[in-house]
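Trainee: Just dropping this structure here.
The values are calculated or read from the model by the stated rules, or taken from the named source; none is laboratory data. Keep in mind the model is a prediction, meaning the values are calculated, not measured. We place every Cβ from the backbone using ideal geometry, glycine too, and count neighbours over all the protein chains shown. The accessibility values were calculated without ligands, DNA or RNA, using every heavy atom of the protein model including side chains. Shrake-Rupley method; radii C 1.70, N 1.55, O 1.52, S 1.80 Å.
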Amino acid sequence: MSEVKRRDLLAGAAAFAGFATVGLLPGTASAATRQRPGALRPPSLTPGDKAVVARVDARRALRHLKVLSDEIGWRIAGTETEHRAARYIAWQLRGLGYQVELQPFPVADKYLAEIRAKGERLWQCSASPQGAVATVSGKVVDVGPVTEVTGDVRGRPVLFDRVIGMETEQAKAAADAGATAALIINARSTTYPERKPGSFTPNLKEPVTIPVLGLAEYHGERIRAGARRLSFQVTHHSGLTSYNVLAERRATFPNPEGKAVIVSAHYDSVPGSPGANDDGSGTVLCLELARVLKRLPTQQAIRIYLWGSEEYGLVGARHYVKNLDEAGVKQITGCFQNDMVATSHPPATTYWLLSVDGADNTTTAAVNAAARRLGYVDQTEGPVARGSSDHEAFYERGVPAGNFSWRGDEAPSQLEPLYHTPEDTIAQNISLKRLQVSLELIGCAAYDVARHR
């Protein structure tokens with residue numbers, strides 16, 4: 001018998017024995033063999049699968065999501081709220097016994113506004129770098145989708161519907177009329193008209209003397225529903241640093257080549273959005289799998305990596321990969337990137353396996369195999385070609401990587417209507433059932449790779 005084969009058998013036996021070592025009761029182990037949530041067929045699980053499925057729990061993951069999405073809220077790259085999230089994630093992983101590093105990297109300046117309205121929760125949106133940095137309060141005048149202001153708006157904020165390409169003219173019209181600010185409600189995309197637009201950054205052709213805010217459609221709805229008296233402050237955040245949270249648990253067996261499996265997600269969000277599904281869901285999946293995998297026997301190291309500043313161009317993951325030497329690249333047997341894994345949007349019934357080039361690799365093959373063992377036959381799709389998440393950085397260095405996500409049936413570009421909006425909340429956009437399925441699929445797949453050499 002070869003050494004590799006012998007080690008694989010030992011790892012399998014150790015995983016089976018793991019039911020006792022991690023404190024699983026017979027009833028709990030038995031529950032792991034029951035039909036999985038929404039699966040079309042009964043499971044046919046390996047001992048390693050059972051060790052994962054018997055312990056993983058979406059309700060535990062939800063506790064973390066309440067902190068990230070409900071308590072911390074928006075987590076904008078390089079700002080204090082993103083730092084709070086990084087510290088929370090690092091604290092949780094250290095408590096599980098992982099070796100944790102906060103990897104810093106510089107990110108671009110941000111212009112943000114925090115808005116208060118009577119009877120409403122605090123809002124956030126982007127502000128124009130070409131507008132004034134100031135504090136404003138007053139009752140809003142609604143002028144609609146125009147580029148000229150004809151009424152008396154002196155000393156008051158003006159609310160516009162965005163006219164694409166004419167934001168400068170709208171901002172100048174408000175300033176010339178004596179308004180204290182221009183509030184521009186984002187417009188729906190002609191490509192994806194079903195999506196509610198989130199906050200945007202009004203990039204103007206020339207400076208103006210008043211603050212210019214890019215509101216989400218949600219903000220416009222609330223103002224027009226009666227939240228007319230607003231106060232807000234525009235802040236220029238400069239000299240910013242974001243962080244990757246890098247946690248590792250060593251292999252159980254000798255691992256002379258330093259092989260490692262990465263389970264990852266990004267923890268930042270876009271301005272104004274509490275990011276419950278994008279990507280609080282992927283973040284808490286990583287935290288829950290860190291708990292489940294911490295004592296299970298493996299032949300490879302387990303790395304739980306949470307990326308900063310994904311929403312501004314995959315900055316955190318690219319920084320990490322750029323700083324890897326070739327030996328470091330070769331150590332990684334696969335990166336399982338999780339992005340938007342718990343949407344409650346009804347049409348998002350397909351679990352997509354996305355690789356940059358559409359080709360199968362270690363991660364997509366492992367998730368497909370786990371889906372078959374768990375009974376999810378014909379309920380996953382892929383691999384399908386798509387980037388736009390942190391797996392891109394690994395693909396570019398030749399590392400097997402996939403992005404895993406719930407989306408619409410017809411294409412991986414079909415995202416929920418609340419994508420990147422203030423309404424991406426736990427209450428409105430999180431399905432515990434889909435989060436549980438995601439946990440089991442990624443947990444079983446990543447563990448199956450990690451327990452082999």
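Trainee: Return one number: the angle in degrees, 0 to 90 and rounded to the nearest 10, between the long axis of the Cα atoms of helix 80-95 and the longest principal axis of the Cα atoms of the chain.
Mentor: Tilt relative to the chain: about 20 degrees.
Trainee: Related question: Which angle from 0 to 90°, rounded to the nearest 10, does the C-alpha axis of helix 282-293 make with the longest principal axis of the chain?
Mentor: 20 degrees
Trainee: What percent of all Cα-Cα pairs in segment 132-237 falls in each 10 Å bin, counting up from 0?
Mentor: Reading the bins upward from 0: 16, 52, 28, 4.
Trainee: If packing is taken as the average number of other Cβ atoms within 10 Å across a peptide's residues, how do 441-448, 149-156 rank, most packed first?
Mentor: Details: 441-448: 26.8, 149-156: 13.8.
The peptides rank, most packed first, as 441-448, 149-156.
Trainee: Starting from the Cα of K118, draw a straight line to each of the lysines and keep only those under 17 Å, dropping any in the same chain fewer than 8 residues away.
Mentor: The reachable lysines, counting only those whose Cα sits under 17 Å from K118, are K139.
Trainee: Got a number for carbon plus sulfur as a percent of the chain's accessible area, 1.4 Å probe?
Mentor: Working: 8880 of 17900 Å².
Ligands and nucleic acids excluded, carbon and sulfur give 50 percent.
Trainee: Now, a different point. Excluding residues fewer than 8 places away in the same chain, name every one of the lysines whose C-alpha is closer than 24 Å to that of K433.
Mentor: Leaving aside lysines fewer than 8 places away in the same chain, those within reach of K433 are K50, K66, K294.
Trainee: Give me, ordered by chain and number, the residues 5 or more places off R156 or on other chains with an amide H under 5 Å from its own placed amide H.
Mentor: Close amide H contacts, sequence-distant or interchain: T180.
Trainee: Another question, then. If packing is taken as the mean number of other Cβ atoms within 10 Å per residue, what is the order of 264-274, 423-433, highest first? The partial results should precede the final answer.
Mentor: On the way: 264-274: 28.7, 423-433: 19.5.
For the peptides 264-274, 423-433, the packing ranking is 264-274, 423-433.
Trainee: Now, a different point. Using amide H atoms built 1.01 Å from N in the peptide plane, name the residues 5+ places from V384, or on other chains, whose amide H lies under 5 Å from its own.
Mentor: L353, L354, S355
Trainee: Same structure, new question: Could you tell me the relative contact order of the chain? Use alpha-carbon pairs under 8 Å, at least six residues apart, and round to a whole percent.
Mentor: 21 percent
Trainee: Sorting check: for 284-294, 216-226, 91-101, 334-344, which peptide has the highest mean count of neighbouring beta carbons within 10 Å, and how do the rest follow?
Mentor: 334-344, 284-294, 216-226, 91-101
Trainee: Here's another thing I want to ask about it. Which ³J(HN,Hα) values in Hz, rounded to whole numbers, follow from the phi angles of segment 252-265 under the Karplus curve 6.51 cos²θ - 1.76 cosθ + 1.60, where θ = phi - 60° and Gly and Pro get x?
Mentor: Working through the residues one at a time gives 6, 8, x, 9, x, 8, x, 4, 8, 10, 9, 10, 9, 6 Hz.
Trainee: Another question, if that's okay. For F200, what residues show an amide H to amide H distance below 5 Å, using hydrogens built from the backbone and excluding near sequence neighbours?
Mentor: Amide H neighbours of F200, under 5 Å, 5+ apart: S126, G214, L215.
Trainee: Please give the calculated 222 nm ellipticity per residue for the chain, where each DSSP H segment of at least 4 residues contributes -39500 (n - 2.57) and the sum is spread over every residue; nearest 500 deg cm²/dmol?
Mentor: One gets -9000 deg cm²/dmol as the mean residue ellipticity at 222 nm.
Trainee: Can you give me the C-alpha center-to-center distance between segment 293-326 and segment 60-130, rounded to a whole angstrom?
Mentor: 19 Å
Trainee: Could you give each residue of segment 393-404 its phi-based ³J(HN,Hα) in whole Hz, using Karplus coefficients 6.51, -1.76, 1.60 with θ = phi - 60°, and x for Gly or Pro?
Mentor: Result, ordered by residue: 4, 6, 4, 5, 9, x, 8, x, 8, x, 10, 10 Hz.
Trainee: Leaving out ligands and nucleic acids, note down the accessible area per residue over segment 404-451 with a 1.4 angstrom probe, in whole Å².
Mentor: It amounts to 27 Å² per residue over segment 404-451.
Trainee: Also, quick follow-up: Per q in 0.09 1/Å, what log10 I(q)/I(0) does a Debye calculation on the alpha-carbon atoms of the chain return?
Mentor: Calculated log10 I(q)/I(0) at the listed q: -0.60.
Trainee: ³J(HN,Hα) across segment 317-327 via Karplus (A = 6.51, B = -1.76, C = 1.60, θ = phi - 60°), whole Hz, x for Gly/Pro?
Mentor: Rounded to whole hertz, the list is 5, 5, 5, 4, 5, 4, 8, 7, 7, 5, 5.
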